[in-house]
1. Considering only the range 111-129, state which residues are open to solvent by less than 20 Å² (accessible area, probe 1.4 Å) and either in contact with a Ser or Thr (Cβ under 7 Å, 6 or more places away or on another chain) or hydroxyl-bearing (Ser, Thr, Tyr) (or both).
2. Please determine, by comparing only the residues of the range 1-36 that are β-branched (Val, Ile, Thr) and either at pLDDT 90 or above or touching a helix residue (DSSP H, G or I) at 6+ places or on another chain (Cβ under 8 Å) (or both), which one is surrounded by the most Cβ atoms within 10 Å (Cβ to Cβ).
3. Anything in the range 141-170 that is small (Gly, Ala, Ser), out of contact with any Asp or Glu (no Cβ under 9 Å at 6 or more places or on another chain) and farther than 22 Å from GLU114 by Cβ? List them, or say none.
4. Given the range 80-177, what helices (runs of 4 or more DSSP H) lie entirely inside it while holding 3 or more residues that are touching a Gly at 6+ places or on another chain (Cβ under 9 Å), closer than 27 Å to ILE12 by Cβ and without any contact (Cβ under 8 Å) to a residue 40 or more places away in the chain?
5. Looking at the structure I just gave you, is LEU62 within 29 Å of ALA141 (Cβ to Cβ), in contact (Cβ under 8 Å) with a residue 40 or more places away in the chain and either open to solvent by 10 Å² or more (accessible area, probe 1.4 Å) or part of a helix (DSSP H, G or I) (or both)?
6. Name every residue in the range 113-135 that is farther than 20 Å from LEU169 by Cβ and hydroxyl-bearing (Ser, Thr, Tyr), in order of residue number.
7. Would you call THR158 of a type outside the set (A, V, I, L, M), touching a His at 6+ places or on another chain (Cβ under 8 Å) and either open to solvent by 30 Å² or more (accessible area, probe 1.4 Å) or closer than 19 Å to THR58 by Cβ (or both)?
8. Out of (1) surrounded by 18 or more Cβ atoms within 10 Å (Cβ to Cβ); (2) touching a Lys or Arg at 6+ places or on another chain (Cβ under 9 Å), the odd one out for GLU80 is which?
Amino acid sequence: MTDQQPLNADEILDVVDENDQVVGQAPRGETYARRMRTRSAFVLVRDAEDRIFVHRRTPQKLVFPAHYDMFVGGVVGAGETYDQAALREAEEELGVQGLAQPEPLLKFLYETAEHSWWSAVYQVRCTLPVAPQESEIDWSAFLTEEELGRRLDEWPWTPDGMAAYRQVLARRETGEI
């Protein structure tokens, strides 16, 4: 839809260095256009039956539009902590209030030729009825890990979400998480 603008291009973000120290601030659209390093929070959400919340991003997203993701989350705003962003983003995208504080799992630097952000990965259990945020999510379901695994090669996934999921699986296999 050419008449719709991408979401949140003017949101101010902290710009960080290779050690995740704040070195400035800039609008989100500028950070993407100039490949400035920012921060992101990823939250793996499981329901009471241990299924994982999976969704497809709307076509209006600035990064990876219409891709599937096994994490909710997003950028860490200027002056915001990873923990604050994880809870805020999870509640917003799931459409819930009163979610427990997500548990930190790991942190890694996601870098490609186009993007660079420090990524804090969390998990949380959500037993509340979800009402996914329509401006962010246009399809969602809770899938078992087996169902998710079968779709990894079939659906277009967000590359950063796939990188985070691989980190979770690898660290779970070694017993780190």
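1. SER116, TRP117, SER119, TYR122
2. Here the residue is THR31.
3. Residue satisfying the conditions is GLY149 alone.
4. Qualifying helices (runs of 4 or more DSSP H): 82-94.
5. Yes.
6. SER116, THR127, SER135
7. Yes, satisfied.
8. (1)
The values are calculated or read from the model by the stated rules, or taken from the named source; none is laboratory data. Treat the numbers as computed from the prediction; the structure is a model and nothing was measured. Using ideal geometry, Cβ is built from the backbone for each residue, glycine included, and neighbour counts are taken over all protein chains shown. All accessible areas refer to the heavy atoms of the entire protein, side chains included, with ligands and DNA or RNA removed. Shrake-Rupley method; radii C 1.70, N 1.55, O 1.52, S 1.80 Å.
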